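**Q** Before I ask anything, let me first share the structure, which is written out below as structure tokens.
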Amino acid sequence: MDPFWSTLIATIAGSVVGAAAAGGVAWVVFRRESRQNYEARLDEALAGIVLAIPARVRELDAYQDQLDELDRQSPTRNPNDDPLPPGPYELSVRLEATRMVARNADARTLGEVASAFYSVVNLPPIEQRARLSQLPELIRKWRLGELGKQPWTAFTRFAFDVDRRAGTTPPPPWDPMGRVVTKHNQSGL
């Protein structure tokens, strides 16, 4: 073969190999940066949820003060005439916004965080206040990997415990196919 063609083929082959290697490195860097960006956005959204809890506690305290004042003014009043408790608007909006960011196992865990949160907000103000203070610790443990490979189970247990103590019947657990989980199909979780 002519030395010109040999050199040209070697140059092209070297360029292709170099381009492939550079493309591989760029892809790895992109994936790592994408994952870091996702983790940062999720952590920021979760911090927003945790930081909104004190505002919810203040709302509950103000509501409880209002009920206490009504008790002092009219101890024989009908409890059905009491004002409604404050809705959990800011926290629920932050939670749903965070669920929009989450993917894969994080989305599943946030689904259970939502179940726990919505169980808590059905409690009376004083009990709700106490339970709300437990959520940040669970969220922190989840993000630090302290809840194991299936962190959503900790939030599921939390929600069931809240519902049990409140005297409400928790909804049945559902598998990803939308079926009620029984002993026979628990492996689907």
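The values are calculated or read from the model by the stated rules, or taken from the named source; none is laboratory data. In this text, all values refer to a predicted model and were calculated from it rather than measured experimentally. So basically every Cβ, Gly included, is an ideal-geometry build from the backbone, and we count neighbours across all protein chains shown. To get the accessible areas, we keep the full protein, side chains included, count just its heavy atoms, and leave off ligands, DNA and RNA. Shrake-Rupley method; radii C 1.70, N 1.55, O 1.52, S 1.80 Å.
**Q** How large is ³J(HN,Hα), in whole Hz, for each residue of region 100-111 in order, when computed from phi with the Karplus curve 6.51 cos²θ - 1.76 cosθ + 1.60 and θ = phi - 60°, using x for Gly and Pro?
**A** Result, rounded to whole Hz: 5, 7, 5, 10, 6, 5, 5, 5, 5, 5, 5, x.
**Q** Which FRET efficiency value, to the nearest 0.05, is calculated for Ala55 and Arg157 with the Förster distance at 25 angstrom and r the Cβ-Cβ distance?
**A** For Ala55 and Arg157, the calculated efficiency is 0.40.
**Q** Using heavy-atom solvent-accessible surface (probe 1.4 Å) with all chains present, what is the largest-first order of Lys149, Lys141?
**A** Lys149, Lys141
**Q** Determine the order of Asp81, Asp65 by accessible area, beginning with the largest, at a probe radius of 1.4 Å.
**A** Order by accessible area, largest first: Asp81, Asp65.
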